[in-house]
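Contents: one structure, followed by commentary.
The values are calculated or read from the model by the stated rules, or taken from the named source; none is laboratory data. Every value quoted in this text rests on a predicted model; they were computed, and no experiment measured them. Methodologically, a virtual Cβ is constructed for each residue, glycine included, from the backbone with ideal geometry; neighbour enumeration extends over all protein chains shown. Surface areas here come from the heavy atoms of the whole protein model, side chains and all, with no ligands, DNA or RNA. Shrake-Rupley method; radii C 1.70, N 1.55, O 1.52, S 1.80 Å.
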Amino acid sequence: MTETTGRRERKKARTRQALADAALRLFLEHGYDKVGVRDVAEAADVSVTTLFKHFPSKEALVFDEDEDHEAALVAAVRDRAPGRPVLHALRDHVARTRLSLPEGDPEAAAFIGLVNATPALQEYADRMWLRHETALAAAIAEASGAPEGDVGAAALAHFVMESPCLVRGHGDPRRALHEVFTLLEQGWGDGSP
């Protein structure tokens, strides 16, 4: 039974990957708005019904690693070096995962270009990122010894998750991100310069 289950799971993973690969290829070649889910299903040699068993929407086809991103975000808090502040670990994680393009990776650059050029994908990416806020708030509360549902941990998670949107479009997004995290760490004070 275990062998059958393993084989079935591997087949599902291959189908899911084939759909994600076909979608990205078609979206990059023809543009997101000119490709329908039927086109993606045909390119992956599956039915539209099968496509929707793996992905709840057309936008989700582009973001097939959503669960991995949440796990990495929580791990940034839980697996940080002893004595390292939570905010420093989160700042570096956000800078690495939301602001940087892998050097010399034309596929990553094409993917980011597709998302940034497609309002529906940009909006979905932002919503997807914000969905992880609850998991992050729980990890922050746990790391700080705060009770579950702590409003301070929830507020901090919210601002961390919003930080990429706040710095998008700045001339130096990395510097702007550091400013946001410095403000989170030190507080606003009396607002005086």
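Of the residues 115, 35, 74, the one that moves most in a GNM of the chain with alpha-carbon contacts below 10 Å is 35. Take the convex hull of the alpha carbons in segment 1-105; its mean projected area over all directions comes to 9.8 nm². Largest mean-square fluctuation among 83, 31, 145, in a Gaussian network model of the chain whose springs join Cα atoms under 10 Å apart, belongs to 83.
What the chain shows is 61 Å² of accessible area per residue, with the surface traced by a 1.4 Å probe over protein heavy atoms. The helix-only estimate of mean residue ellipticity at 222 nm for the chain, built from DSSP H runs of length n ≥ 4 each weighted as -39500 (n - 2.57), is -22000 deg cm²/dmol after division by the residue total. Rolling a 1.4 Å probe across all protein chains gives residue 182 an accessible area of roughly 60 Å².
Taking Cα pairs under 8 Å and at least six residues apart, what relative contact order does segment 1-128 come out at, in percent? Don't skip to the answer; put the middle values down first.
Numbers: 68 pairs, mean separation 29.3, N = 128.
RCO, segment 1-128: 23 percent.
Here the chain exposes an accessible surface that is 53 percent carbon and sulfur, computed with a 1.4 Å probe and the other protein chains kept in place.
When 97, 49, 15 are compared by accessible surface with a 1.4 Å probe, the order from highest to lowest is 49, 97, 15. Within segment 86-148, the GluC sites (Glu not before Pro) that combine a DSSP coil assignment with at most 13 other C-beta atoms in a 10 angstrom radius are 103, 148.
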